[in-house]
Amino acid sequence: MIAIYFTLTLLLGFLGLYTLKSWFIPLNSCPLPPGPPRRLVIGNLFDFPKPGSKEWEHWLKHKDLYGPISSLVTMGQTVILLNKPKVAYDLMEKRSAIYSSRPQAVFSADLANWKRQVTLNGDASVVRTHRKYMTSLIGSKNAILNLHPQLDLGARHFLLQTLQQPDSLIENIRRVTGARILDMVYGYKVEPSGPDPLIDLADLSGKQFSSAAQTGTWVVDSIPILKYLPAWFPGAGFQRTAREWGHVLTTLAEKPYAFVLHQRSKGKDVASYVSRHLDALDGPVAPDEEFVIKWTAATMYGGGADTTVSALSTFFLVMAQFPDVQRHAQAELDLVVGPRLPTMNDRPNLPYVHALIKEVMRWHPVVPLGVPHMATEDDEYCGYRIPKGAVLIANIWSFTHDPEIYNEPMSFNPGRFLQHEDGIAPECDPQKLVFGFGRRICPGRFLADASLFLTIAKSLAVFDIAKGLGEDGKEVDLPAGFRPGIISHPSPFRVQIRPRSGCAQMLIGSVEAEEPWLKGHSKVFDDIKL
């Protein structure tokens, strides 16, 4: 009991210090950007979104109430909301030297130790090193050219899996997306059917990351002193959660790396990101080099798989929801490609399909609020003060639904990105918004772009996508909602997927004879002990 009272006394003391810090502003200082009134001690603690809510919708009201930039303060931590893309460009692009760090949230970065992944790491030198390593595989359009054969084969395998199991659409997307990246990064072959231990592990870690990195979800992020509470203390269950999630992340980084070392020891390794970096070393791998290889590999899977799953899931949802758009894209494919499957070489001649992919990315951005940035110096913008250590959140969903940028933004209209005969220019390319800003722009954007094109173009060429049927044989309405999380997925939905013709069915099945999906490495992976 004495320990509990002592802990509570410490907490109250630190709360007082945070309050003094947040309310003390030099007389000659600019004001913070506008925002909701602050309460004594807790500031804007109750103005953050509630766990389980759609954060992008919660913050959308700030644009109407406070303008292009707004702020909140809680327990001494300032949060700056960027409600217009111009503000995001001005700060994160033009002043990237001081806005490229990441906030080190107590729960995700400290307790769960997610800062080992460069996505959440705030150290500029670490970020440069890790991104330099990843660039060799996915960081440029030229690098992605070498991956086109793997991506094309993966898209064909997806068609076959979906033909055979049309009711397992999301599982098919997850398996094939994961298989492509794991093959590129580790030379690991995913099982063609049934559970795969590495896919399951990565999916679990991805879900945990999406929850861990949400701003305002964990009270310990607002009251950092709580991190010193023991796990048994009432209300300190976050300690156990962070420890468990950190262990999952460690396994995700360590075990696939150990798989590559095992395969190399047996002379069975194949070309992969990890193997190429190990081959390039002169002599035994040093601990610091091993750390970079291991954690950049884990970052590429974690950052590339779940985001692609979200985008492809949204594509199938909107194709069932907007059949006229689907038919328009199919007509273009039939005219340009004819009775074969489209390839990357066809892309320049498929402007509507290309525009459709852009509209999928705009209609619901995969990461609606981006990943927060942090100011490393005191700054001033438009007469407002941005203090050192402030967390910056760009509401990307708000950007892509801004009626000043996109005409009728709630409508799904790929035509907005086409050049019109009357001279009206295409609307803003959403790729300038959805992949982040400045020095922290997504390093896998070229891989995502190529992967989405191949899977979407091939799917449209051979499948008709429609709303699912209920027990009465009538079409079932599709949910319009998306789930919360730093990576947002559509709410569960059901669609019908059928081959467009007998010729289309033969095209899909040809991959089984030409390049079948062989048995994977799950048994080897399971046998590896850390």
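The values are calculated or read from the model by the stated rules, or taken from the named source; none is laboratory data. Remember, predicted model here, so these are calculated numbers, not experimental data. Heads up, the Cβs are rebuilt from the backbone with ideal geometry, glycines too, and the neighbour counts pull from every protein chain shown.
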Handout entry: Complete set of residues in segment 401-428 that are more than 14 Å from residue 361 (Cβ to Cβ), in a loop (DSSP other than H, G, I, E, B) and not aliphatic (A, V, I, L, M)
Key = 402, 403, 404, 407, 408, 411, 419, 420, 421, 422, 423, 426
Exercise for the section: Assess whether residue 409 counts as being surrounded by 12 or more Cβ atoms within 10 Å (Cβ to Cβ), in contact with a His (Cβ under 8 Å, 6 or more places away or on another chain) and at pLDDT 95 or above. Expected result: yes
Exercise for the section: Select from segment 271-295 the residues that are touching a helix residue (DSSP H, G or I) at 6+ places or on another chain (Cβ under 8 Å) and assigned to a loop (DSSP other than H, G, I, E, B) and write down the one among them that is surrounded by the fewest Cβ atoms within 10 Å (Cβ to Cβ). Expected result: 281
Completion exercise
Quick count over segment 256-277, residues being among the small types (Gly, Ala, Ser) and touching a residue at least 12 places away in the same chain (Cβ under 8 Å), is 4
Completion exercise
Filter segment 227-271 for residues that are aliphatic (A, V, I, L, M) and more than 27 Å from the chain's Cα centre (by Cα); the one that is farthest from residue 522 (Cα to Cα) is 229
Exercise for the section: Kindly establish whether residue 466 is assigned to a helix (DSSP H, G or I), at negative phi and in contact with an Asp or Glu (Cβ under 9 Å, 6 or more places away or on another chain). Expected result: no
Problem - Residue satisfying all of: in segment 495-520; modelled with pLDDT under 95 and in contact with an Asp or Glu (Cβ under 8 Å, 6 or more places away or on another chain); surrounded by the most Cβ atoms within 10 Å (Cβ to Cβ) among these - result: 520
Exercise for the section: Test residue 255 against the stated conditions and say whether it is surrounded by fewer than 21 Cβ atoms within 10 Å (Cβ to Cβ) and assigned to a helix (DSSP H, G or I). Expected result: yes
Problem - Residues that are hydroxyl-bearing (Ser, Thr, Tyr), exposed (fewer than 14 other Cβ atoms within 10 Å of the Cβ) and either within 22 Å of residue 458 (Cα to Cα) or out of contact with any Phe, Trp or Tyr (no Cβ under 9 Å at 6 or more places or on another chain) (or both), drawn from segment 120-159 - result: 125, 135
Exercise for the section: Looking only at segment 420-432, count how many residues are loosely packed, with under 10 Cβ neighbours inside 10 Å and under 15 Å from residue 352 (Cβ atoms). Expected result: 1
Handout entry: Those residues of segment 69-114 which are outside any strand (DSSP E or B) and aliphatic (A, V, I, L, M), in sequence order
Key = 75, 87, 88, 91, 92, 97, 98, 105, 106, 109, 111, 112
Exercise for the section: Please work out which residue is farthest from the chain's Cα centre (by Cα), limiting yourself to segment 383-394 and to residues that are within 30 Å of residue 363 (Cβ to Cβ) and of a type outside the set (Val, Ile, Thr). Expected result: 392
Practice task
Can you tell me which residue among 363, 397 is under 22 Å from the mean Cα position of the chain (by Cα) and closer than 22 Å to residue 71 by Cα?
Solution key: 397
